Amino acid sequence: MRGFCGDSMTLPSAPPTQPRDPEEVELLLQFVRERNVHCPRCDYNLRNLSQPVCPECREPLQLTVGARKPRFGLLIASIAPGIFSGIAAMMLCAPMTITTLRGNGPPWPVYMVDAFGWLSGFFALGLFAMRFRFLRLPLGKQVTCAAVIWFIHVTAFMILLAVAFH
Ligand SMILES: [Zn+2]
């Protein structure tokens with residue numbers, strides 16, 4: 001069971017005013033009647049609830065279906081290097097622009113590294129946009145995807161170190 005989120009954090013919580021499906025409400029109350037289910041917002045034990053609202057924090061409640069074990073680890077592992085590279089590339093832009101404008105720009109590998117960072121950042125954003133497609137992939141493919149992305153980034157980082165300290 002999950003709380004009915006949305007605007008409940010900003011608006012003062014009141015009993016729901018929108019018409020509720022009485023069957024759904026009955027199912028919800030039936031579900032918590034003999035179970036120790038906790039409010040998703042304040043963790044109050046909802047056992048023997050009589051209204052579809054948390055008695056403690058007034059959060060409107062609804063019955064939903066959730067995954068037994070949501071797996072976002074590989075998605076996060078696949079997106080993280082790109083987000084990091086993208087942010088690093090963005091921060092690198094200012095000093096690069098300044099040195100270029102002063103007439104002695106950085107050596108060309110720095111441009112390559114920055115371009116890689118931007119590409120990687122946009123790739124990560126694309127992956128985030130297609131996250132549901134990613135999560136539908138079989139686990140083995142998700143592992144491969146995360147491993148390839150990490151391999152590319154670790155390799156790029158080692159090339160960067162080699163160029164910086166040659
Ligand atoms: Zn509550």
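The values are calculated or read from the model by the stated rules, or taken from the named source; none is laboratory data. What you see is a predicted model; the values in this text were computed from it and never measured. Here the Cβ is made from the backbone with ideal geometry for all residues, glycine too, and neighbour counts use every protein chain on show. Surface accessibility is based on the protein's heavy atoms, side chains included, excluding ligands, DNA and RNA. Shrake-Rupley method; radii C 1.70, N 1.55, O 1.52, S 1.80 Å.
Brief remarks follow.
- Taking the criterion of being over 20 Å from Leu119 (Cβ atoms), in contact (Cβ under 8 Å) with a residue 40 or more places away in the chain and open to solvent by less than 60 Å² (accessible area, probe 1.4 Å), the only residue of segment 67-107 that qualifies is Leu74.
- Among residues of segment 125-143, those that are surrounded by 14 or more Cβ atoms within 10 Å (Cβ to Cβ) and more than 15 Å from the chain's Cα centre (by Cα), counted: 3
- Contact map, segment 38-62: residues that are on the phi < 0 side of the Ramachandran plot paired with residues that are outside any loop (DSSP other than H, G, I, E, B) and of a type in the set (Lys, Arg), Cβ distance under 6 Å, separation 6+ or inter-chain. Pairs shown: Pro40/Arg2.
- Top-ranked residue in segment 25-43 [being surrounded by 13 or more Cβ atoms within 10 Å (Cβ to Cβ) and in contact with a strand residue (DSSP E or B) (Cβ under 8 Å, 6 or more places away or on another chain); ranked as nearest to Gln62 (Cα to Cα)]: Leu28
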